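Input: a single structure, listed below in structure tokens.
The values are calculated or read from the model by the stated rules, or taken from the named source; none is laboratory data. Please read these numbers as outputs of a predicted model, since none were measured by experiment. Cβ placement follows ideal geometry from the backbone for every residue including glycine, while neighbour counts extend to all protein chains displayed.
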Amino acid sequence: MPSVVTVNTTPYEGQKPGTSGLRKRVKVFLQENYTENFIQCILNANKDSIVGSTLVVGGDGRYLVKEVVDKIIKISAGNGVAKLLVGQDGILSTPAVSCIIRKYNTLGGIVLTASHNPGGINNDFGIKFNCSNGGPAPDNTTNEIHALTTTIKEYRTVPDLSCPVDKIGVFNFNVDDRPFTVEVIDPVRDYVSYMKEIFDFPKIKALIQGTPERKPFNVLIDSMSGVTGPYVQAIFVSELGASSANVRRVTPLEDFGGAHPDPNLTYAADLVAAVKGGDYDLGAAFDGDGDRNMIIGRDALFVTPSDSLAVLAAHAAVIPYFQRSGVKGFARSMPTAAAVDRVAKDLGKEIFEVPTGWKYFGNLMDAGRLSLCGEESFGTGSDHVREKDGLWAALAWLSVLANTGKSVEDILKQHWAKYGRNYFTRYDYEECASDPCNEMMRALEQRMTEPGFVGSQHSAGSKTYTVKGLRIIFEDGSRIVLRLSGTGSSGATVRLYIDSYEATDVFGDAQVMLWPLIDVALQISQLQKYTGRDAPTVIT
Ligand code: VG1
Ligand code: CO
């Protein structure tokens with residue numbers, strides 16, 4: 001009979017979860033006991049409820065997921081966990097983990113992903129803990145996990161226990177006379193059946209397959225070699241009748257085929273090119289772990305995530321789930337453009353602004369005040385789970401298109417004509433030197449709080465902006481937001497967010513419309529001086 005072994009260990013510095021879990025290079029996780037320490041600390045942070053509990057375990061299929069699943073099985077057995085629900089081959093998308101935690105009322109789940117960061121032996125890995133509501137652990141829990149990592153002295157594991165996770169089934173063990181169960185589950189089953197409850201699948205199927213009156217609505221769905229592949233196969237091909245030509249990169253790869261699995265115009269450029277050159281009505285892409293989405297229309301017309309949220313909010317009532325539960329409030333993260341605020345006002349709904357990171361939406365959802373929310377970083381979702389959900393967003397768009405019979409372009413243009421348009425762009429300066437970036441943020445904070453900054457004027461081209469508040473809000477409602485990323489694995493990534501509202505001039509090109517405000521942002525922040533970069537790495 002396998003038995004528990006206590007292994008002595010010493011703390012590692014820097015095991016501090018960021019915006020969404022602990023993300024580091026694979027080689028950092030490969031250091032002796034590095035991964036074991038962090039897993040033990042997750043369990044220690046739950047010490048009052050861990051014995052006899054059930055946890056969900058899965059990840060996005062990247063390099064190291066299978067090895068770490070094996071470690072989690074051994075350490076869970078060593079800590080008195082009663083049962084693990086593990087995705088077959090260690091595969092579970094981030095929203096599917098959330099769905100399964102909620103469906104089976106487990107204590108929580110461990111998600112193995114670095115999301116949209118590249119994978120493979122030379123790239124990134126990540127570990128995130130989700131709580132019993134299905135959402136990412138809140139700050140007090142992640143702070144406690146981090147504090148525990150600074151003093152850890154030992155971990156408990158069962159080295160002789162090994163469980164194959166390549167076959168679906170229930171595997172029972174006895175560990176020092178205590179029962180321990182690993183149930184290897186179909187990664188897609190629970191999630192797919194939930195999507196069928198939320199959406200009107202026959203209606204979306206009729207859209208995709210066409211009817212005697214209407215030609216098929218041609219979609220191109222790109223999983224970017226991430227975890228959504230099997231979910232896209234099950235939903236789009238098996239359930240909704242799309243053909244295999246309507247889906248691409250649907251086999252999860254450990255290194256995402258060498259690509260950056262981030263659904264934006266830069267990293268999903270070949271989807272954009274395929275939709276532009278082909279006869280497609282809608283294109284969608286998802287990130288490595290399946291919580292982000294990008295939506296493009298015919299000729300690759302780009303829907304910004306901020307607009308996507310606003311459009312879905314305006315049309316939420318077409319989705320059966322919301323018809324049953326009612327549409328409560330809306331929310332967005334702070335840097336997300338304020339387009340959804342205008343919809344909330346129009347519909348008389350509550351609107352909330354939260355800090356960057358999905359964990360900040362959970363409380364509002366649990367309190368029954370929030371139905372639909374999003375982030376400018378290609379995150380959209382609802383209170384059906386407690387994570388953002390890429391496939392959900394694509395199905396929500398298809399529901400709107402099926403119900404209105406309109407194109408993506410018509411939906412978007414009619415939205416702007418009714419509400420005005422929040423032009424939005426984000427500049428990312430990735431992997432800069434950390435010290436000057438911290439200095440830039442410090443200098444900017446100091447400058448912004450000096451007397452005279454509010455009221456000061458800043459010009460570029462023919463536009464002059466007068467500062468009304470900090471973070472930096474101008475008199476016409478335009479905003480500049482500058483922050484340092486919390487998901488990078490090395491150096492500092494600076495994000496500059498620009499949001500400018502136009503009531504009537506709504507059909508312009510975003511980069512053209514926004515350049516004066518971008519110029520002002522670069523002047524005020526002196527970003528080029530501090531980072532030594534004359535251009536961003538990525539523009540969205
Ligand atoms: C980024 C995004 C943020 C998102 C987070 C996790 O964080 O800006 O909106 O919630 O990634 O997304 P940061 O701190 O790097 O700006 V995911 O899909 O990587 O879990
Ligand atoms: Co993600």
Output the number of residues of the stretch 409-449 satisfying the condition of being part of a loop (DSSP other than H, G, I, E, B) and under 13 Å from Ser478 (Cβ atoms).
1
Members of the stretch 98-126 found to be within 14 Å of the chain's Cα centre (by Cα) and more than 16 Å from Leu85 (Cβ to Cβ), listed by number:
Thr113, Ala114, Ser115, His116, Asn117, Gly126
Any hit, the stretch 482-495, residues being closer than 26 Å to Asp341 by Cα, at pLDDT 90 or above and in contact with a Lys or Arg (Cβ under 7 Å, 6 or more places away or on another chain)
yes
Residue hits (the stretch 297-334; away from ligand 1 (no atom under 16 Å from the Cβ), closer than 23 Å to Ser98 by Cβ and not small (Gly, Ala, Ser)) are Leu312, Ile319, Pro320, Tyr321, Phe322, Gln323, Arg324, Val327, Lys328, Phe330
Every listed condition ((1) buried (at least 24 other Cβ atoms within 10 Å of the Cβ); (2) more than 10 Å from ligand 1 (Cβ to nearest atom); (3) not in a helix (DSSP H, G or I)) holds for Lys349 save (1)
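Taking the stretch 488-540, which residues are hydroxyl-bearing (Ser, Thr, Tyr) and touching a helix residue (DSSP H, G or I) at 6+ places or on another chain (Cβ under 6 Å)?
Pass one, the stretch 488-540, residues hydroxyl-bearing (Ser, Thr, Tyr): 489-490, 493, 497, 500-501, 504, 525, 530-531, 537, 540.
Residues satisfying the conditions are Ser500, Ser525, Tyr530.
From the list Thr425, Thr404, pick out the single residue that is over 26 Å from Asp519 (Cβ atoms) and touching a helix residue (DSSP H, G or I) at 6+ places or on another chain (Cβ under 9 Å). Even if it seems obvious, please write down each step before you answer.
Working: Thr425 fails: over 26 Å from Asp519 (Cβ atoms).
Step by step, each of Thr425, Thr404 is checked, and only Thr404 is over 26 Å from Asp519 (Cβ atoms) and touching a helix residue (DSSP H, G or I) at 6+ places or on another chain (Cβ under 9 Å).
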Looking only at helices (runs of 4 or more DSSP H) that fall completely inside the stretch 260-327, which ones have 2 or more residues that are without any contact (Cβ under 8 Å) to a residue 12 or more places away in the chain?
269-277, 320-325
Say whether the condition of being in contact with a Gly (Cβ under 6 Å, 6 or more places away or on another chain), free of Cβ contacts under 8 Å to residues at least 40 places away in the same chain and not in a helix (DSSP H, G or I) is met by at least one residue in the stretch 132-155.
yes
Any chance the stretch 65-79 includes a residue that's within 16 Å of ligand 1 (Cβ to nearest atom), part of a helix (DSSP H, G or I) and among the small types (Gly, Ala, Ser)?
no
Quick one: how many residues across the stretch 444-495 are farther than 18 Å from Lys529 by Cα, of a type in the set (Lys, Arg) and surrounded by 14 or more Cβ atoms within 10 Å (Cβ to Cβ)?
3
Filter the stretch 310-320 for residues that are farther than 21 Å from Asn422 by Cβ and either within 16 Å of ligand 2 (Cβ to nearest atom) or surrounded by fewer than 22 Cβ atoms within 10 Å (Cβ to Cβ) (or both) and give the result.
Ala317, Val318, Pro320
Qualifying positions in the stretch 100-128 - within 15 Å of ligand 2 (Cβ to nearest atom) and hydrophobic (A, V, I, L, M, F, W, C)
Val111, Leu112, Ala114, Phe125, Ile127
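I want to confirm something. Restricting to the stretch 479-538 and keeping residues that are farther than 27 Å from His260 by Cβ and among the β-branched types (Val, Ile, Thr), which single residue is nearest to ligand 1 (Cβ to nearest atom)?
Quick first cut of the stretch 479-538, residues farther than 27 Å from His260 by Cβ only: 479, 500-508, 513, 516-517, 519-520, 523-524, 526, 529.
In the following step, the residues that additionally are among the β-branched types (Val, Ile, Thr) were identified as 504, 506, 520, 524.
Working: Thr504: 30, Val506: 25, Val520: 22, Ile524: 20 Å.
Checking each candidate, the answer is Ile524.
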Has the stretch 237-246 got any residue that is within 18 Å of Gly288 (Cα to Cα), aliphatic (A, V, I, L, M) and crowded, with 19+ Cβ neighbours inside 10 Å?
no
Sole residue being within 27 Å of Asn172 (Cβ to Cβ) and either under 18 Å from the mean Cα position of the chain (by Cα) or among the charged types (D, E, K, R) (or both), chosen from Asn130, Asn79
Asn130
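Being within 16 Å of ligand 2 (Cβ to nearest atom) and farther than 23 Å from Val97 by Cα narrows it down to one residue among Tyr267, Tyr280; which is it? Let's see the steps before the verdict.
Numbers: Tyr280 fails: within 16 Å of ligand 2 (Cβ to nearest atom).
Only one candidate passes the filter, namely Tyr267.
Collect the residues in the stretch 358-399 that are aliphatic (A, V, I, L, M) and either part of a helix (DSSP H, G or I) or at positive phi (or both), keeping them in residue-number order.
Taking the stretch 358-399 and keeping what is aliphatic (A, V, I, L, M), we get 364-365, 367, 370, 372, 385, 391, 393-396, 398.
Residues satisfying the conditions are Leu364, Met365, Leu391, Ala393, Ala394, Leu395, Ala396, Leu398.
Any idea which of Asp307, Asp299 is surrounded by fewer than 19 Cβ atoms within 10 Å (Cβ to Cβ) and either of a type in the set (Asp, Glu) or within 16 Å of ligand 2 (Cβ to nearest atom) (or both)?
Working: Asp307 fails: surrounded by fewer than 19 Cβ atoms within 10 Å (Cβ to Cβ).
Matching residue, one of Asp307, Asp299: Asp299.
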If you scan the stretch 111-126, which residues turn out to be crowded, with 24+ Cβ neighbours inside 10 Å and away from ligand 1 (no atom under 11 Å from the Cβ)?
Leu112, Gly119, Phe125
Based on this model, can you work out whether Gly452 counts as under 24 Å from the mean Cα position of the chain (by Cα), more than 30 Å from Asn218 (Cβ to Cβ), not hydroxyl-bearing (Ser, Thr, Tyr) and not in a strand (DSSP E or B)?
no
Selection from the stretch 2-23 of residues that are part of a strand (DSSP E or B) and on the phi > 0 side of the Ramachandran plot
Gly21
Out of Val481, Val506, I need the residue that is within 23 Å of the chain's Cα centre (by Cα) and away from ligand 2 (no atom under 16 Å from the Cβ). Which one?
Val481
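Counting just the residues of the stretch 247-257 that are touching a residue at least 60 places away in the same chain (Cβ under 8 Å) and surrounded by fewer than 24 Cβ atoms within 10 Å (Cβ to Cβ), which one comes out farthest from Pro187 (Cα to Cα)?
Of the residues in the stretch 247-257, the ones touching a residue at least 60 places away in the same chain (Cβ under 8 Å) are 252-256.
Filter again for surrounded by fewer than 24 Cβ atoms within 10 Å (Cβ to Cβ), leaving 253-255.
Numbers: Leu253: 16, Glu254: 17, Asp255: 20 Å.
If we take residues in the stretch 247-257 being touching a residue at least 60 places away in the same chain (Cβ under 8 Å) and surrounded by fewer than 24 Cβ atoms within 10 Å (Cβ to Cβ), then Asp255 is farthest from Pro187 (Cα to Cα).
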Name the residue that is surrounded by the most Cβ atoms within 10 Å (Cβ to Cβ), counting only residues in the stretch 270-296 that are within 19 Å of the chain's Cα centre (by Cα) and more than 16 Å from ligand 1 (Cβ to nearest atom).
Gly283
